[in-house]
There are 2 protein chains.
Amino acid sequence: MPQTQPKRADAQRSIAAILEAATESLSRNPDASVSEIAKAAGVGRVTLYGHFPNRADLVDAALAHAIENGHAALDAVDLSGDPRQALARLIDSSWHLVDRFRSLLQAAQSVLPPGRIRALHAGPAERVQGLIERGQAEGVFRSDLPVSWLVGSMHSVMHSAADEINAGRVATGEAADFITATVLAAFTPPGRPVPALTELRQSQP
Amino acid sequence: MPQTQPKRADAQRSIAAILEAATESLSRNPDASVSEIAKAAGVGRVTLYGHFPNRADLVDAALAHAIENGHAALDAVDLSGDPRQALARLIDSSWHLVDRFRSLLQAAQSVLPPGRIRALHAGPAERVQGLIERGQAEGVFRSDLPVSWLVGSMHSVMHSAADEINAGRVATGEAADFITATVLAAFTPPGRPVPALTELRQSQP
């Protein structure tokens, strides 16, 4: 029994090193190979394949890892006050992460189905959901569409922004404004005016 | 020279039969195999691989084929009158096609990058672009965001609806209303009220 302890600790260290290396490598190059990632992690390919049987498993784990860290970082976003301004702040910070991991997302999109990518975003989605529900209760977000639909629309507009940048149609610096303007308009209740971006950002530092 | 004519005609017939079979098979099962498609087309696997070297090429060609036919069918949509009502009609008809080919889209999403799927929609995107530009000129669609961004947002919300149905979160019958409500709100100029779905559909049969 005591002999297995070091092995388990070794395995955990290997997994942690592989995840860090995969996240880092795929964030620079969406086509980073398993061999490159093993090398960057300082482990052999056999060790890597022992933990992640194929490249899709590795990409899945790297995206999950990046989302988990990003989700924790988003704890710092102030979600109080006007739900529209809070959502604008959350979109800004979330987009910063999506943009940083844009290449990793691209890697994921080529090996994982959209449903799996959405499922990996369960944590961030739950945070958005809570804010939408508060906005609905306060009458500033529409209640005629299901919350899950609104969460999904925001997810797809953000990821579409990453695709637009990859395609050269949008500049990185423009994306946060475009996403915020689009999502906040989409969330506005019928009959109510669409907020201007200046209103959404007025209380921000 | 004359001897090659029949061969070319044969090859064209084979390609047409393969495309029909691929579109049909993948629209029933996103995981339809190359062998199944060859069998449904009445050609050998070697013939099929001669035209489409790998499954991704075949899925790409099948999606292009379905979009081309769908794009032609959308010629029947009346795009005159209020651009918002015209867009609501175009979304209804376009969604009908996306929903019909939902399984083929799912197959495409697992082998083609989002940029390629977007590129295959160039024809439909151009039609949407023309309508958005008219709506911008008439002041009913926002001009503070680029047309290409608005086209991309509509594309991503429609495809997200397909993902939501695949995930069991949205019923097929609900999707057209959800997409129309979301897209028309997103396209509303800041300061202007979001149109109600009843307004958008009032002039429809």
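Quick check on region A:1-53: take the gyration tensor over C-alpha atoms, sort the square-rooted eigenvalues as a ≥ b ≥ c, and tell me if it's rounded (a/c under 1.5), prolate or oblate.
Since a/c reaches 1.5 and a/b is larger than b/c, the shape of region A:1-53 is classed as prolate.
For helix B:147-166, report the angle its Cα long axis makes with the longest principal axis of the Cα atoms of chain B; keep it between 0 and 90° and round to the nearest 10°.
The answer is roughly 70 degrees.
Between B:Ala76 and A:Ala167, what FRET efficiency follows from the Cβ-Cβ distance if R0 is 35 Å, with the result rounded to 0.05?
0.70
Can you list the copy-to-copy distances for A:Ala40, using a point 7 angstrom from Cα toward Cβ, in nanometres, shortest first?
3.9
Region A:175-200: which residues show an accessible-area loss of 50 Å² or more, assembly versus chain alone, 1.4 Å probe?
So the qualifying set is A:Phe178, A:Thr182, A:Val194.
For label points placed 7 Å from Cα toward Cβ, what is the shortest-first list of nm distances from B:Asp10 to its copies?
6.2
Quick one: pull the percent of accessible area on region A:1-53 belonging to carbon and sulfur, 1.4 Å probe, ligands and nucleic acids left out.
Answer for region A:1-53 is 55 percent, counting heavy atoms of protein chains only.
Between B:Asp10 and B:Ser35, what's the calculated FRET efficiency when r is the beta-carbon distance and R0 is 25 Å? Round to 0.05.
Efficiency for this residue pair is about 0.75.
For the protein assembly as shown, what does the equivalent ellipsoid look like in terms of its semi-axes, each the square root of 5 times an eigenvalue of the Cα gyration tensor, given largest first in whole Å?
After diagonalising the Cα gyration tensor, the semi-axes are 36, 35, 17 Å.
Using only the alpha-carbon atoms, how far is helix B:122-137 inclined from the longest principal axis of chain B? Give it as 0 to 90 degrees, nearest 10.
Tilt relative to chain B: about 10 degrees.
Quantify, in whole percent, the carbon and sulfur part of the accessible surface of region A:59-201 (1.4 Å probe; protein heavy atoms only). All intermediate terms of the calculation are to be shown ahead of the outcome.
On the way: 2730 of 5150 Å².
Carbon and sulfur: 53 percent of the exposed surface of region A:59-201.
Between rounded, prolate and oblate, where does chain A land on the alpha carbon gyration tensor, with a ≥ b ≥ c its root eigenvalues, rounded for a/c under 1.5, else prolate if a/b exceeds b/c?
In terms of gyration-tensor shape, prolate.
Could you work out how much longer the chain between A:Tyr49 and A:Ser93 gets when fully extended? Use 0.36 nm per residue separation minus the Cα distance between them, nm to one decimal.
12.4 nm
Taking the Cα-to-Cβ direction at A:Thr198 and at B:Arg134 and moving 7 Å from each Cα, how far apart do the two end points lie in nm?
Simple spin-label model gives 3.2 nm for this pair.
Can you work out the accessible area per residue across chain A, with the rest of the protein chains kept in place, probe 1.4 Å, in square angstrom?
Dividing the accessible area of chain A by its residue count gives 45 Å².
In square nanometres and to one decimal, what's the mean projected area of the convex hull around the Cα atoms of region B:17-88? The partial results should precede the final answer.
On the way: hull surface 23.0 nm².
Mean projected area of the Cα convex hull: 5.7 nm².
Averaged over B:141-152, how many beta carbons belonging to a partner chain fall within 10 Å of each residue's beta carbon?
4
Using the Cα atoms as the points, what is the convex hull volume per residue of region B:135-192 in Å³?
With only Cα atoms used, region B:135-192 gives 76 Å³ per residue.
Before rounding to the nearest 500, sum -39500 (n - 2.57) across all DSSP H runs of length at least 4 in chain A and divide by the residue total; then give [θ] at 222 nm in deg cm²/dmol.
Numbers: 11 runs with 151 residues, N = 205.
Here the helix-only value at 222 nm equals -23500 deg cm²/dmol.
Within 10 Å, count the other beta carbons around each residue, average over each peptide in A:93-103, B:156-166, and list them highest first.
B:156-166, A:93-103
Measure nothing but the geometry: give the 0 to 90° angle between the long axis through the Cα atoms of A:172-187 and the longest principal axis through the Cα atoms of chain A, rounded to 10°.
Approximately 50 degrees, to the nearest 10.
Estimate for me the total accessible surface buried between chains B and A (protein heavy atoms, probe 1.4 Å, no ligands or nucleic acids), in Å² to the nearest 100.
2700
Could you work out the relative contact order of region A:122-205, using alpha carbon pairs under 8 angstrom and six or more residues apart, expressed as a whole percent?
In percent, rounded to a whole number, it is 29.
Label-to-label distances across copies for A:Gly173, with labels 7 Å out along Cα→Cβ, in nm, shortest first?
5.1
Pairs of Cα atoms under 8 Å, at least six residues apart: use those to get the relative contact order of region B:1-53, whole percent.
In percent, rounded to a whole number, it is 34.
When the dipole is taken about the Cα centre of chain B, and only Lys, Arg (+1) and Asp, Glu (-1) are charged at their Cβ, what size is it in debye, to the nearest 20? Show your work: numbers first, answer last.
Details: 19 positive and 22 negative charges, 91 e Å.
In debye, rounded to 20, chain B gives about 440.
The values are calculated or read from the model by the stated rules, or taken from the named source; none is laboratory data. Since the model is a prediction, treat every value here as computed from it, not as a measurement. Neighbour counts run over all protein chains shown; Cβ positions are idealised from the backbone, glycine included. These accessible areas exclude ligands, DNA and RNA; they are computed on the full protein's heavy atoms, side chains included. Shrake-Rupley method; radii C 1.70, N 1.55, O 1.52, S 1.80 Å.
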